[in-house]
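The values are calculated or read from the model by the stated rules, or taken from the named source; none is laboratory data. Because the structure is a prediction, the values reported are computed rather than measured. We place every Cβ from the backbone using ideal geometry, glycine too, and count neighbours over all the protein chains shown.
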Amino acid sequence: MTTPFVTQENVVRAREIVLHTQWASISLIQRHLRLGYQSAIQVVQCLQAEGLLIPKYRQLWLVADAYHQHTFQHRLEFIESIVAFIVACKARMLQLTRPACSEAFYSFAPETDANSLCRKLCEKCFQQPRDFGDDPSAAIVKFLKNQGYCDEMSPSDIELMEVLICDQFYDQ
């Protein structure tokens, strides 16, 4: 078994990617740099040691405040509101009570739109059998794209949303 190693070139390329996307995950680094899992972890650890990345969620790092693009915080808040809405929809469908459920539910859309969207989301992504396995995140992202909620989002923001959705459903 060989020990993975990280080249300076990989770290430089990863830094460029992270500064562009404003976030990182192991899979993002793997795909963009065509690295194995262990090498991608080492690259993220290097960027974290430099102070570029800070851990945010289980498998997600954000750029440190000193490196933020001024629009990223607004984009992240929008993505997090979508994720909170999805979690609230699932909680509502399962008739669970959560303290922030109704707040998250109506922060994303006006009440009538939120109720209708929640009903459609539950029908399409939580109740029907899917070809996506137990993880509904791909179905949810596809549904949101079809509804036009991703029209203004960059591909990296859509990928970030999918990572956050996966993280939420992993917790539950």
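Data table
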read-out	value
Lone unmet requirement of (1) modelled with pLDDT of 85 or more; (2) farther than 15 Å from residue 162 by Cα for residue 71	(1)
Filter result (under 15 Å from residue 10 (Cβ atoms) and of a type in the set (Lys, Arg)) within the range 21-62	31, 34
Of all residues making up the range 1-32, the number that are farther than 23 Å from residue 153 by Cα and of a type outside the set (D, E, K, R)	11
Residue identified as assigned to a helix (DSSP H, G or I) and modelled with pLDDT of 85 or more among 162, 103	162
Count of the range 56-83 residues which are among the small types (Gly, Ala, Ser) and either loosely packed, with under 14 Cβ neighbours inside 10 Å or part of a helix (DSSP H, G or I) (or both)	2
